[in-house]
Amino acid sequence: MTDTNIPLTADSDFDDLPRTLRRERERQAASLAAPAPDFEVRGEGYDSSYAEDPVPASVQRFDVPFFKLMFFLLKAVLAAIPALLLLAVILWFAGQALQVFFPELVQMKILISFPASEPQT
């Protein structure tokens, strides 16, 4: 009878893995062997006392072309219209709910009246 002890993991010495899995395993082995790059290396004369502190700065000029700014503001206005409509609907429903649950609340109505105009003679 033949030997049927075949390992089921990819860490075996068999070379029957697909090419992409072999390449990935080789890449991982190469990355473990290579040292990690040191990104904190600075040139001569670098003062590391300011490494973590924020640098104070102020914006002196914000240069945006007029037409780009105009189109952005027009798009912002158009985008605000559905939001205002939705807010109006929500406030209307909230007012209706207040009238249902608290009918004793004072309701203000604006009455506009025009005096009857007299015919001109």
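Could you please let me know if Val64 is modelled with pLDDT of 85 or more and part of a loop (DSSP other than H, G, I, E, B)? Step through it out loud before you land on a result.
Details: modelled with pLDDT of 85 or more: yes; part of a loop (DSSP other than H, G, I, E, B): yes.
It is true that Val64 is modelled with pLDDT of 85 or more and part of a loop (DSSP other than H, G, I, E, B).
Applying a threshold of 9 Å to beta carbon distances and a minimum spacing of six or more residues, or different chains, the list of pairs starting in region 85-111 at a residue that is modelled with pLDDT under 95 and ending at one that is part of a helix (DSSP H, G or I) reads Leu105/Leu98; Leu105/Gln99; Gln107/Gln99.
The values are calculated or read from the model by the stated rules, or taken from the named source; none is laboratory data. Predicted, not measured: the structure shown is a model, and the values here were computed from it. Please note: Cβ atoms are built from the backbone with ideal geometry, for glycine as well, and neighbour counts cover all protein chains shown.
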